[in-house]
Amino acid sequence: MGGVYITGLGAVTCLGSGVDRLWHGMTTGHSAPVPAEDPHAHVAQRLLYAVPPHAFAPSSAVGTAGAATRYAIESVRQAVADAGLGDAERRAAAVVAGTGMGQAGAQEHWRLSGYPDGDGDGPQWTSTFTLGAAVSAWLGADGPNTTVSNACAAGACAISLAADMVRAGEVPVAIALGAEAYSRVALACFDRLGALDPLSCRPFTSDRQGTVFGEGAAAVVLESAEYAEARSAPRVYSRVLGAGWTCDAYHPTAPEPDGAQIARAMSEALAEAGASVGDVGVIVPHGTGTHLNDLIESNVLAEVFGEHAAGIPLYSVKALLGHTGGAAGAIAAVAAVLILHKGVVPANVALGEQDPECGVWLPSRTAPCARDLALVNAYAFGGNNISLVLRRP
Amino acid sequence: MESTATVLDMEKLRAVVAEVLDVEVDAVTDDAHLVDDLGVDSLMALEVTVVLERTYQVKLDESELPQVITLRKMHELLAQKIQQQSVV
Amino acid sequence: MSGAALMITRCATVLPPEPRWARDGTRTSPPGWFDYKTELGPRGYKYLPPALHYLLTAARHALADGVGAAGVVLGTNSAVSALHAAMDRTVVQSHSAELSPMLAPYFSVNLAAGKLASEHRLTGFQLTLTSPRIAGLEAIQVAARALAMGRASCLLIAATEAAPDPAEPGADRGEEGAVVLVARPLSNVDASGAGVRSTAGSAGSSAALSGGGTCRARTFFVPPDAPHRAGEALAAAWAGLGLWDGGSAGGTSKWLRDGGSAGGISKWLPPDGGPRIVAVLDDSPVARRIAAALDGRARVIPAAAGCLEPLVQVAAALRAEREATVVLSASAEGNVATALVTPPGAV
């Protein structure tokens, strides 16, 4: 199977705007969460890997849209420019957006300060989940426009759905993105559930006590090999070769203890890619810093990869950028694409002692990405699991 | 010493717990095991804690929860806390 | 493949009693129209937002014959909107410590499909679509694509909504209820014996569609600053659904040559009627452009604060005796979806 080409990348994270900033941050390994600047958030833990103010100049088309929409459009702007898409491609593109909370942050603001007037008719109902539509409006696109809200798997689901559209021949080009911004309700609920770490996002460490949210967005341009060749796309970063979608069907918040559905997602993704575990050069885990997720994911990786596990490096994105919710799967995919493209797995962010029960290899020094495949995992709160297999072209 | 029954009515506690657990009052016997018999998971345990703290105006520590495995144990712990608080 | 047809073998709805909206499009459900303890059982469903009660009830009816490890594609816009507002008030006025831990997970809208999956052990996969106003119809298209790609052999297509918080804009257009359809690829179902067996419960109704009805859907986007493209895009979508027989290519290209905006669809619908058309539309420029293209040929239902009504119309069309129905919905933001539905036994 040829797979669907990734020909453009965009990213906005706590490191700032642009894929270069992201790679630079991955190679230098420094970031820090800050207290969320929301005086109305009465919570015990309030750390956030926030996108810095003025990280980029928002498009004037964005108007009163909230932060999540601005991040989404900026990441797509970068990806579309990177891919050198012309007007015809922009107009025909499908857009698939992954987000868990959409414009919830903006709505929380409006709830206190008043809702914007809808064209003089008074405030109108608007869905929380409008950022995907805002992207198509900004592009002037008429292809299908879909928003998927599978929580922490949404960004990866968006990529998989968009790739399926291209494979099915529905559209020549599809743009997939994930975007998430600060939400007081999301923060408060995780706080209530005791799922937040008081210090930082420290996946796979002995002392981990939970996750820390982050903001951001990432976008990829997807097209068929034929189309990319026909329009002489400037470059091909990677191919989306396979995906596995499964569902725990177990419990609202706790992952299935034996990880059977997580294992199935990985196996199905590899099978769809026509690959075996020995072909994988890097794994970008879901790794959130919550006790159970990191433990179960480690165990399942050991089980699925067997004797190969010790030799396959992991790069833990959330240790650098926090848990960016619906954006996480897309940001993880972009990070995996960069690792494959550069041929190098950056040193993992230096954290505390690794939990001996999490027997995964998280190199503390730069390691080669010795094989052509990357595996990206994204597991949603509520039991949605997805694994993606990407391949160097 | 004041009897714990006057400090904290058992039947009221039983009703409160049954309401939170969303089970019949009869199911919340004095010695029914909250986890094994009444299906209380970590999320439900948190909910019970929040409701008890609000209803009885006490503070429960996470470290105290594992010992609260039956209604009877819960009653003992709460009565103790209420009594401690009334001694200022 | 998008536009490919699905066989619907079972169809269940949970809805407030008719009439569900007033002349001016506002909707208020009569208090007490739905009692979760009656519909789901007296225990075990306390800590679920109302939209999940509706969804689980509809699923119970739809899955009465069982379904195995199916996947779920659920569309919603407002399932947890009121919950967010209530939680936000608690955090702003008090503290997160006052939030109910049992309710807290449901801030994440995908828990609706998650709860459905765990209730019926549906380990296939779940997708929660939240595209404004069209997510219910869109679920048909996404399901068809997933089945074609082999991601599941059977899928639930569903939509659920609950009213927004009373203090929010659009609260008077809240919709309540759920629809669950059981879908399989067309080739997988024995089409012998056509007909609809319907049952009705206190708040819900369900139909077993022996012989299966079919539905297929397409979606597209009309940039709000270019609404003049709406008619042209709709024509293309309907061509993709196979709506025009025989001279479909000619009909569509005639439309495109004419620019599409004047005269509307009457030009290319058969003079003796054609399919019944139902459009769920609001008052936005995009929706008004779609309405104009429909040329008075559609029954227009005022859109509510969600994506449920269009899928309710699909369910109604599956139980109808008419040959085919086209259902449409559009959002102010530009999303448009359209579905072609044929009841069991129809050609």
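The values are calculated or read from the model by the stated rules, or taken from the named source; none is laboratory data. Model, not experiment: these values are computed from the prediction. Every residue, glycine among them, receives a Cβ derived from its backbone with ideal geometry; neighbour counts consider all protein chains shown. We work out accessible area using only protein heavy atoms, side chains counted, and drop any ligands, DNA or RNA first. Shrake-Rupley method; radii C 1.70, N 1.55, O 1.52, S 1.80 Å.
Can you name every one of the strands (runs of 3 or more DSSP E) wholly within the stretch C:296-347 that holds 2 or more residues which are among the hydroxyl-bearing types (Ser, Thr, Tyr) and either surrounded by 17 or more Cβ atoms within 10 Å (Cβ to Cβ) or modelled with pLDDT under 95 (or both)?
C:325-330, C:335-342
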Unique residue being within 13 Å of another protein chain (Cβ to nearest Cβ) and on the phi < 0 side of the Ramachandran plot when the list is A:GLU215, A:GLU170, A:GLU229, A:GLU223: A:GLU170
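Using the structure shown, decide if B:LEU78 is touching a Leu at 6+ places or on another chain (Cβ under 8 Å) and either within 30 Å of A:GLY382 (Cα to Cα) or surrounded by 12 or more Cβ atoms within 10 Å (Cβ to Cβ) (or both).
Answer is yes for this residue.
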Kindly indicate whether A:GLY84 is assigned to a loop (DSSP other than H, G, I, E, B) and crowded, with 18+ Cβ neighbours inside 10 Å. no
Against the definition (open to solvent by less than 10 Å² (accessible area, probe 1.4 Å), of a type in the set (A, V, I, L, M), out of contact with any helix residue (DSSP H, G or I) (no Cβ under 6 Å at 6 or more places or on another chain) and facing chain A (nearest Cβ under 10 Å)), how does C:ALA117 come out, yes or no? yes
Scan the stretch A:128-135 and tell me whether some residue there is more than 20 Å from C:GLY306 (Cβ to Cβ) and either touching a strand residue (DSSP E or B) at 6+ places or on another chain (Cβ under 7 Å) or crowded, with 24+ Cβ neighbours inside 10 Å (or both). yes
Just the residues that are open to solvent by 20 Å² or more (accessible area, probe 1.4 Å), of a type outside the set (Gly, Ala, Ser) and closer than 19 Å to A:ASP38 by Cα, please, taken from the stretch A:197-226. A:PRO198, A:LEU199, A:PHE213
Do you know which residues across the stretch A:14-34 are surrounded by 22 or more Cβ atoms within 10 Å (Cβ to Cβ) and outside any helix (DSSP H, G or I)? A:CYS14, A:LEU15, A:SER17
What about C:VAL109, is it open to solvent by less than 10 Å² (accessible area, probe 1.4 Å), facing chain A (nearest Cβ under 7 Å), free of Cβ contacts under 8 Å to residues at least 40 places away in the same chain and under 19 Å from A:LEU196 (Cα atoms)? no
Could you list all residues from the stretch C:21-57 that are more than 20 Å from the chain's Cα centre (by Cα) and within 14 Å of chain B (Cβ to nearest Cβ)? C:TYR36, C:LYS37, C:LEU40, C:GLY41, C:PRO42, C:ARG43, C:GLY44, C:TYR45, C:LYS46, C:TYR47, C:LEU48
Within the stretch A:323-330, is there a residue that is under 18 Å from A:GLN261 (Cα atoms), within 17 Å of the chain's Cα centre (by Cα) and within 14 Å of chain C (Cβ to nearest Cβ)? yes
Within the stretch A:112-122, identify whether any single residue is assigned to a loop (DSSP other than H, G, I, E, B), at the interface with chain C (Cβ under 9 Å from one of its Cβ atoms) and buried (at least 24 other Cβ atoms within 10 Å of the Cβ), and answer yes or no. no
Condition met for C:GLY264 (more than 14 Å from chain A (Cβ to nearest Cβ) and at pLDDT 85 or above): no
The one condition in (1) over 16 Å from C:VAL179 (Cα atoms); (2) of a type outside the set (Asp, Glu); (3) outside any helix (DSSP H, G or I); (4) at the interface with chain A (Cβ under 7 Å from one of its Cβ atoms) that C:LEU127 fails to fulfil: (1)
Output the residues belonging to the stretch A:46-81 that are among the polar types (S, T, N, Q) and surrounded by fewer than 21 Cβ atoms within 10 Å (Cβ to Cβ). A:SER59, A:SER60, A:THR64
Just one of A:ALA81, A:ALA41 is touching a strand residue (DSSP E or B) at 6+ places or on another chain (Cβ under 8 Å) and among the hydrophobic types (A, V, I, L, M, F, W, C); which is it? A:ALA81
Filtered residues of the stretch C:201-230 (kept if away from every other protein chain (no Cβ under 12 Å) and among the small types (Gly, Ala, Ser)): C:GLY201, C:SER202, C:ALA203, C:GLY204, C:SER205, C:SER206, C:ALA207, C:ALA208, C:SER210, C:GLY211, C:GLY212, C:GLY213
Of all the residues that make up the stretch A:123-160, how many are at the interface with chain C (Cβ under 7 Å from one of its Cβ atoms) and over 27 Å from A:LEU187 (Cα atoms)? 8
Filtered residues of the stretch A:246-276 (kept if more than 12 Å from every other protein chain (Cβ to nearest Cβ) and over 15 Å from A:SER298 (Cβ atoms)): A:SER267, A:LEU270, A:ALA273, A:GLY274, A:ALA275, A:SER276
If a residue must be assigned to a loop (DSSP other than H, G, I, E, B) and of a type in the set (A, V, I, L, M), how many such residues does the stretch C:101-111 contain? 3
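For every residue, the table says whether it meets (1) buried (at least 22 other Cβ atoms within 10 Å of the Cβ); (2) hydroxyl-bearing (Ser, Thr, Tyr); (3) assigned to a loop (DSSP other than H, G, I, E, B).
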position: A:GLY274; (1), (2), (3): no, no, yes
position: A:THR288; (1), (2), (3): yes, yes, yes
position: A:LEU295; (1), (2), (3): no, no, no
position: A:LEU301; (1), (2), (3): yes, no, no
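Would you confirm, using the coordinates I've provided, whether C:ALA287 is within 14 Å of chain A (Cβ to nearest Cβ), in a loop (DSSP other than H, G, I, E, B), within 19 Å of the chain's Cα centre (by Cα) and modelled with pLDDT of 85 or more?
Judged against the criteria, C:ALA287 is not a match.
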Breaking point among (1) facing chain C (nearest Cβ under 10 Å); (2) open to solvent by 30 Å² or more (accessible area, probe 1.4 Å); (3) within 22 Å of the chain's Cα centre (by Cα), for A:ARG91: (3)
For the stretch B:56-71, name all the residues that are outside any loop (DSSP other than H, G, I, E, B), within 14 Å of chain C (Cβ to nearest Cβ) and surrounded by 15 or more Cβ atoms within 10 Å (Cβ to Cβ). B:LEU65
When the stretch C:145-159 is examined, which residues are found to be more than 10 Å from chain A (Cβ to nearest Cβ) and either in a helix (DSSP H, G or I) or of a type in the set (A, V, I, L, M) (or both)? C:LEU147, C:LEU155, C:LEU156, C:ILE157, C:ALA158, C:ALA159
